[in-house]
Each structure stands twice: as structure tokens, then as C-alpha cells.
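The values are calculated or read from the model by the stated rules, or taken from the named source; none is laboratory data. For clarity, every value in this text was computed on a predicted model and none was experimentally measured. Here the Cβ positions follow ideal geometry from the backbone for every residue, glycine too, while neighbour counts run over all protein chains shown. Heads up: the accessible areas ignore ligands, DNA and RNA and are worked out on the full protein's heavy atoms, side chains in. Shrake-Rupley method; radii C 1.70, N 1.55, O 1.52, S 1.80 Å.
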Amino acid sequence: EEQDRLLQNQPDQPQNPKVLRIAIIGAPNAGKSTLSNQLLGRKVFPVSRKVHTTRCKARGVVTYEDTQLIILDTPGLTSPLKAKRHKLDEAMLTDPWDSMKHADLVLVLVDVSDHWTRNCLSKEVLQCLSEFPEIPSVLVLNKVDLLKKKYILLELVTELTEGIVNGRKLEARSAFEHNSSSSAKPPLQITQASPPENRAREPHCLQETGQAQEGCSSDNSGDTRASESSLVAEAAQGPNRYGPRDLKNMKGWPCFQEIFMLAALRGEEVDTLKRYLLMHAKPGPWEFHSEVLTSQSPQEICDNIIREKVLEYLPLEVPYGVTQVTEIWEEGPSGELLIVQNLLVPRKSHMVMLIGRGGKVISRIAQEAGQDLMNVFLCDVRLKLKVDVKS
């Protein structure tokens, strides 16, 4: 009731409100929901190691002083063939595109730890960017803490930007020292020259220091280390619109305005990105009350969190066929939230896997989901899960 009241009533407005609508797009499992949760400071979007955990677009709201960031967490961009294989709704194909239509800025997230996909943007991402070239875009390299050889970031930057950032051609220069006796790991610095009029307001978003690399190991052999790594910008304006033929031969997007490198799961450098987003907000009325954290209803949050756990503990394609039906949702005598949800599966074999030997799997799902729900709703939650075969 409280959430409905906040969403339906007119939002409170500061004296000079500013707002920025941010679409986060990328391949499935790039870490979009993890980054959204970190920016919000609370876990309101489901996160799983399996692809397509996010099933629909949902909005997160960050309110700081007179500025409101509206984060459009979207499903991973995918193809109709993959959507059919995972039994995904048609909205999974259209929601990312719909979010782009309402965005003031787009963050393109790339998982640099995935050596199969990190060297190029997917066809779907490139199509999405080319459809909306007027929307400023920012490249976000995620999971840099899992990358042992940091100089690979230089190669990725060049490939994913087609050698152009902020309308300027990049010249990548790297000098590597071979020194097997030294175990020192210098900080990786990637700098970009900015036009004089922009230097005063731009954060150091293209720079990683030793602090940002905490917990990352250098190459095990110890025989290579970056002694100097820089990207020097040269004036060269690239075209803004690209046709199907152009996209076919492109691996990256030459219209990114900035590049950020972070580890969303650990929260490293997320504050740097957050400051950048707050700084680029534009004058305009707030869309949500300052106490709103997400546009989702409590029931939607509950469904998402339970589905997240089901995805984690069931193998392969099995969890994508689970249907959730909430049977009880009520407040207990001591203010606790009582939730009973029935999980419907298509086959008896799936029911056996979901329950687990001695009920261990379903018990673990209920326990972990209940704890997450308590952290979100800030109250005691009693969650009971049942499993049935779809009739």
C-alpha cells in the first residue's frame, strides 16, 4: 500500500530538480542488474549466473540532493532464436529497444572476463546503438577484477570503440618491459586527451589506479608488465549513422563518449560512474517520489528474487519453465510478511530436482530468498514454497 501510494501520488520536487534516464544494455549475463543494484545501494533486481535472469524492464531510482537518476534495467539483448530456446516472452526482445526510446544516456556493459564475447559488441547491441545514434553512449567494461593480464584492456578499448572515443581517433601505444625478476605491478593508466572546454568538468573515468586493481593478480609467469599504457586522442570526427552494411563489418561502436572500467560485483569504481551520471543530469522534473527505490511492486520484487534462486539451483534449461503463483500475501500479527508461493513445473522429473533429496534444494531456495526479501522490505519475512506439476 505504501509503495502504491508513493508511485501514484505526485512526486515531491526540489527547487531546481535535475533528472537523467539511463538505459543499461548489453549481452545477457554481462552484469547489468548487478551494476543497477550497486548504483541503487540495495538489491532490488534479480542476479544470477544464468542468462536472462531479468525478464522485463524495471526502473530503479537514485535520488541525491536535487538530482534523480532513473535506471532502466533491461533484459539482455538477444535474438528470436535464443528467446524461443529459453521460453522467453516477446517482451524480452522489445523491452531493451523501448527503454532506449526513453533514455537520455545509454550504458553499454561488456563482460571483459568472457574471452568468447569480449572482443566485439553483439549484433543486437550494435543494431540498438545504430537505431538511436542521437543518444549519448558510454562504454562500461565490467568484471575487470577477473582479468589477470591488464594490458588486454588496451586491446579491448581499441576494438570496442573502433579506435574512436568522443569523436576523436585513438592511437594506442603500449610499451612492455620483460622482467622476470620483478613482481611489482604498476597501476594501469589509460588516459584520453579532452578538448580544453571539457577538461574542467570531466571525471577521470578512463583511469584505473592501483587501488582499483586491488585483488587482481598479474600474469603468473611474471615476465610481462605494462610500463606505459596510454591512449592518445587525435582530432577525427566519425560518422554518426551506420547502415546494415557498415554494421556487418564493425566489431565496436565509434560513438562512445566515455569509457569506464569497474567491477560491479565488488563495487569497485561504481561510485566514479555514479558521480559521472549525477553530473550529467539535466534540468527537469522528477518522475518519482524521493522515497521510491524502484517502480516494481513488492510482489514483482518477490517473484524476481525467488526466480533468481531457482535459476541458481536448477540445471540447464529447467528453471526457465517454472511458473510462479503467489497463494498468500498478508501481514502477520507482529508485522511480519507471510508469503506462500507455488512453483509449477512442466514435468515430474523437474519437481524432483527442484525439491531435492530430503527437500534440501527447495529449503535452501526459501531460506536465501527469504533473507533477501527481509533486506529489501526491511521487515521479517516468512516465506513458504510449494512445488507442483502443471496440470
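Let me cross-check residue 115: its accessible surface, 1.4 Å probe, with only protein heavy atoms counted, in Å² to the nearest 10?
Here the accessible area works out near 110 Å².
Taking amide H positions as placed 1.01 Å from N in the peptide plane, with prolines and chain starts having none, which residues 5 or more places from residue 104, or on another chain, fall under 5 Å of its amide H?
Here the answer is 21, 22, 23, since their amide H atoms fall under 5 Å of that of residue 104.
Working with all protein chains in place, sort 108, 47 by solvent-accessible area computed with a 1.4 Å probe, largest first.
47, 108
Around residue 389, what is the net charge, scoring Lys/Arg as +1 and Asp/Glu as -1 over all other residues with Cβ under 13 Å from its Cβ?
It works out to a net charge of +3.
Simple spin-label model, 7 Å along Cα-to-Cβ: residue 7 to residue 65 in nm?
3.1
Here is the link list: 101/169; 32/360; 309/386. Which ones come out longer than 26 Å on Cα distance?
From the list (101/169; 32/360; 309/386), the Cα-Cα distance tops 26 Å for 101/169; 32/360.
Subtract the Cα-Cα distance of residue 251 and residue 102 from 0.36 nm times their separation in residues, and report this length gain in nm to one decimal.
Result: 51.1 nm gained on full extension.
Efficiency by 1/(1 + (r/R0)^6): what FRET value for residue 297 and residue 349, r their Cβ-Cβ distance, R0 = 35 Å, to the nearest 0.05?
0.60
Roughly what would the spin-label model give for residue 151 and residue 326, points 7 Å off Cα along C-beta, in nm?
The answer from the label model is 5.4 nm.
With all protein chains present, how much of the accessible area of the range 298-389 (probe radius 1.4 Å) comes from carbon and sulfur, to the nearest whole percent?
51
First obtain the Kirkwood hydrodynamic radius of the range 298-389 from its Cα pairs, then insert it into the Stokes-Einstein equation at 4 °C and 1.567 mPa s, and state the resulting D in µm² per second as a whole number.
Answer from the Stokes-Einstein relation: 98 µm²/s.
Determine the percent antiparallel among the DSSP beta bridges restricted to the range 298-389, to the nearest 5.
45
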